[in-house]
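I have placed the structure first, in the form of structure tokens, so that the comments after it can refer back to it.
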Amino acid sequence: MDTHKNDLASLSTRTLLARRRRLADRLGGTERLLAGSLVEQTRRCGKPDCRCAVGERHGPYTYFAPRAAGRGRLQYVPSVLVDVVRVYLHTGGEVEAAVAEISAINAELLARRELR
Ligand SMILES: [Zn+2]
């Protein structure tokens, strides 16, 4: 999956097409994915007499930061779902890598005028 664009140029068209097929197969039916990251943050609860007002904050809590959204769009992740989100994020990364490589292969095929 870590093939460089330069490496692709050294492969035969037949090999490129086979690799593209394998990558596309890997994508088939993939729906359990997320694009973004997990972040941990501590919080103040707002109660003026709470320990967090002067010192130790609550948490850390885990939040999902979607890739596309801007700042301040963190979504709290209940602890029972943290591992599930991690798996989704991992899958999202693999899908992105596969899409990037398929695109690189297709760019190489285009350069060879063998894109069809
Ligand atoms: Zn507090």
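The values are calculated or read from the model by the stated rules, or taken from the named source; none is laboratory data. Here the structure is a predicted model, which is why all the values come from computation and not from measurement. We place every Cβ from the backbone using ideal geometry, glycine too, and count neighbours over all the protein chains shown. Just the protein is used for accessible areas: all its heavy atoms, side chains included, with ligands, DNA and RNA removed. Shrake-Rupley method; radii C 1.70, N 1.55, O 1.52, S 1.80 Å.
Okay, here's what the table says:
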| item | result |
| --- | --- |
| T91 being part of a strand (DSSP E or B), touching a residue at least 24 places away in the same chain (Cβ under 8 Å) and surrounded by 14 or more Cβ atoms within 10 Å (Cβ to Cβ) | no |
| Scan of the stretch 18-42 for residues that are open to solvent by less than 90 Å² (accessible area, probe 1.4 Å) and either without any contact (Cβ under 8 Å) to a residue 40 or more places away in the chain or within 16 Å of the ligand (Cβ to nearest atom) (or both), ordered by number | A18, G28, G29, V39, Q41, T42 |
| Near pairs, Cβ below 7 angstrom, 6+ apart or cross-chain, from the stretch 49-61 (within 16 Å of Y76 (Cα to Cα) and in contact (Cβ under 8 Å) with a residue 12 or more places away in the chain) to any residue that is within 10 Å of the ligand (Cβ to nearest atom) and open to solvent by 80 Å² or more (accessible area, probe 1.4 Å) | H58/R43; G59/R43; Y61/R43 |
| Qualifying residue in the stretch 76-85 (condition: touching a helix residue (DSSP H, G or I) at 6+ places or on another chain (Cβ under 7 Å), surrounded by 15 or more Cβ atoms within 10 Å (Cβ to Cβ) and without any contact (Cβ under 8 Å) to a residue 60 or more places away in the chain) | yes |
| Selection from the stretch 35-88 of residues that are in a helix (DSSP H, G or I) and β-branched (V, I, T) | V54, V80, V82, V84, V85, V87 |
| Number of positions in the stretch 46-69 that are within 14 Å of the ligand (Cβ to nearest atom) and open to solvent by less than 70 Å² (accessible area, probe 1.4 Å) | 7 |
